[in-house]
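Structure record follows, encoded as structure tokens.
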Amino acid sequence: MRVFAPGRVNLIGDHTDYTGGLVLPMAIDLGTTIVGERGGDAVVLRSDACGGIAEIPVAVSDPASARPEWARYVAGVVAELRPRQGFVGNITTTLPLGAGLSSSASLEVAVALAVGDERDPLRVARLCQRAEHRGAGVPCGIMDQLVVAAGVEGHALLIDCHSLEQRAVRIPDDVSIYAVHCGEPRRLMGSAYAERRADCAAAEAIVGPLRDASIDLVEQIPDERVRRRARHVVSENGRVRSFAAAIERGDYGRAGALMGESHRSLRDDFAVSTTALDQLVDRLCATPGVVGARLTGAGFGGCVVVLATPAAEVTGWHLRPSAAARVSGEVLR
Ligand code: GLA
């Protein structure tokens, strides 16, 4: 059996998924491959890239204690799936690890397809999201796992993270998308991510669901930090809608300007950028042919996503919008 799960890059809409907001990620042509066979009573996966072997009993009860560290993602999925039999195989990846291109969601979805029989993209995504909460202890939203399981070739996916409705937005051939690493690994991710989530919950306790709130309403939140977090979320949801529309009508100037606004909002109001990310965004925006750049994913290091004309010279991963995860060649959707 051979399984491939893509990574993802988020074009716009960060830190909006866990309050039921809008996101616009795309599945990419880099990803995780698992080759192996079912059998036995443990999931045994070797990964040269991650280092070592994950050996997880099918009846695992405490996935967070699995070792080596990356095995917690495998253990989380096994704990959620409760498969009847184990699996023995090998993991390879073309994704940079921990760079903000969803190497963890890609691994989770690949393991879920290798070990279990669930093939509905939304159900696969939900179980992998729960696996990340249980295994890695990161209270992530649904964006990464859902676009990995439900991405559409040649398109980004506009996801309403409340209704979970998805609309494929075609990426035209006359734009190129890159991810460029800022040189810093992501730091403080788990705890800082949980803190941002808590700030958003504090805002919602005052103004109700942020996905329905207006900027005027969030400006009335008394606590400055909570007000800023909420302002980012509400303004970012608006930018996702406008960006999708701009891409669809070929207005790349507007799309690039929205990426700039998104980066500044993540930097100033949501406080998830770093000096290295800010400098990289500035440098890229000054490169001929680049129409926009912003940090992508959770922040705190990792990658910048770049929108450029095909002639632009950008050194980084040139990413193609790709199809969802697939089992032995058959795409999930
Ligand atoms: C991580 C999480 C996602 C999302 C992004 C920020 O990638 O896994 O659910 O919250 O951060 O947009």
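Every number in this text was worked out from the coordinates using simple rules, so none of it is lab data. Computed from a predicted model, the values in this text were never measured in an experiment. Glycine also receives a Cβ, built like all others from the backbone with ideal geometry; neighbour counts cover every protein chain displayed.
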Practice item. Filter segment 295-318 down to residues that are closer than 22 Å to Asp251 by Cβ and surrounded by 22 or more Cβ atoms within 10 Å (Cβ to Cβ), then give me how many there are. Key: 6
Check your understanding: Quick one: what pairs do we get from segment 138-154, first residue under 16 Å from Gly21 (Cβ atoms), second of a type in the set (Asp, Glu) and within 9 Å of the ligand (Cβ to nearest atom), C-beta under 6 Å, 6+ apart or different chains?
Key -> Cys140/Glu132; Gly141/Asp17; Ile142/Asp17; Met143/Asp17
Point to revise | Residues being part of a strand (DSSP E or B) and of a type in the set (S, T, N, Q) - total across segment 297-333 | key: 0
Practice item. Answer yes or no: is there a residue in segment 167-179 that is crowded, with 23+ Cβ neighbours inside 10 Å, within 14 Å of the ligand (Cβ to nearest atom) and more than 26 Å from Ile56 (Cβ to Cβ). Key: yes
Review point. Where residues in segment 275-296 are part of a loop (DSSP other than H, G, I, E, B) and at negative phi, which of them is nearest to the ligand (Cβ to nearest atom)?
Key: Thr296
Review point. Can you spot a residue in segment 114-135 that is touching a strand residue (DSSP E or B) at 6+ places or on another chain (Cβ under 8 Å) and assigned to a helix (DSSP H, G or I)?
Key: yes
Point to revise | Matching residues in segment 132-150 - criterion: being more than 12 Å from the chain's Cα centre (by Cα) and more than 12 Å from the ligand (Cβ to nearest atom) | key: Arg134, Gly135, Gly137, Ala150
**Study point:** Residue in segment 4-13 that is touching a Leu at 6+ places or on another chain (Cβ under 6 Å), more than 15 Å from the ligand (Cβ to nearest atom) and not in a loop (DSSP other than H, G, I, E, B) present
**Key:** no
Exercise for review: Kindly list, by first and then second residue, each pair from a residue in segment 40-55 that is in contact (Cβ under 8 Å) with a residue 12 or more places away in the chain and at negative phi to a residue that is among the acidic types (Asp, Glu) and in a strand (DSSP E or B), limited to pairs with Cβ atoms under 6 Å and residues at least 6 apart or on different chains.
Suggested key: Ala42/Glu55; Val44/Glu55
Practice item. Test each condition in (1) of a type outside the set (Ser, Thr, Tyr); (2) within 28 Å of Tyr193 (Cα to Cα); (3) more than 16 Å from the ligand (Cβ to nearest atom) for Asp41 and report the one that comes out false. Key: (2)
Revision key, fill the gap. Condition set farther than 25 Å from Asp160 by Cα and buried (at least 21 other Cβ atoms within 10 Å of the Cβ), scope segment 98-123, selection nearest to the ligand (Cβ to nearest atom): answer is Val111
